[in-house]
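This report concerns only the one structure given below.
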Amino acid sequence: MILAKDTKLKYLNRRIDEIEQLKNYCLLIPENINNLELFASIEMIGHKLKGNGSTFGYPELTQLGLAIEGAAKKLDLEKLRELNLKFEERVRNYLRLLNDI
């Protein structure tokens, strides 16, 4: 299935919102380390990404979603920060590539 450029742009821009959410959650966790709801929210973002990355033509985002979901389940804050940096790098790169078309 071939998706229109504007569809992919909308998808990727929604991911930018999730990246910002993940950054905020990672900042809140040290002050609220026993708040498992923060990790559950991160896990949900990873789960959604895992489920729809390949559908929109970004299998690498599917893999990142799987890793984010797993790190959230393990309560691994450092891994989550590392994965979010990769997530942001990939999404911004995909956006640049699409905007060059």
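Throughout, read-outs are computed from the coordinates displayed, never taken from laboratory work. It should be emphasised that the depicted structure is a prediction, and the values quoted were computed from it without experimental measurement. Quick reminder, even Gly has a Cβ in these numbers, built from the backbone with ideal geometry, and neighbours come from all protein chains shown.
Filtering region 5-32 to residues that are surrounded by 14 or more Cβ atoms within 10 Å (Cβ to Cβ) and either in contact with a strand residue (DSSP E or B) (Cβ under 6 Å, 6 or more places away or on another chain) or more than 27 Å from Leu97 (Cβ to Cβ) (or both) leaves Tyr25, Ile29. Remark: Leu61 falls outside the filter, which requires a residue to be surrounded by fewer than 16 Cβ atoms within 10 Å (Cβ to Cβ) and among the hydrophobic types (A, V, I, L, M, F, W, C). Given the structure, is Asn52 surrounded by 15 or more Cβ atoms within 10 Å (Cβ to Cβ), of a type in the set (S, T, N, Q) and out of contact with any strand residue (DSSP E or B) (no Cβ under 8 Å at 6 or more places or on another chain)? Judged against the criteria, Asn52 is a match.
Taken over region 16-58, the criterion of being without any contact (Cβ under 8 Å) to a residue 40 or more places away in the chain, within 14 Å of Glu69 (Cα to Cα) and aliphatic (A, V, I, L, M) is satisfied by Leu36, Leu38, Ala40, Ile42, Met44, Ile45, Leu49.
Counting the residues of region 73-101 that are under 21 Å from Ala40 (Cβ atoms) and within 12 Å of the chain's Cα centre (by Cα) gives 6.
Of all residues in region 33-41, at least one satisfies being polar (S, T, N, Q) and surrounded by 12 or more Cβ atoms within 10 Å (Cβ to Cβ). Here is a check on your reading of the model: is Gly70 out of contact with any His (no Cβ under 9 Å at 6 or more places or on another chain), surrounded by 14 or more Cβ atoms within 10 Å (Cβ to Cβ), touching a residue at least 12 places away in the same chain (Cβ under 8 Å) and not hydrophobic (A, V, I, L, M, F, W, C)? Yes; evaluated as a whole, the condition is true for this residue. Within this structure, Phe87 fails the test of being aromatic (Phe, Trp, Tyr), surrounded by 18 or more Cβ atoms within 10 Å (Cβ to Cβ) and free of Cβ contacts under 8 Å to residues at least 40 places away in the same chain.
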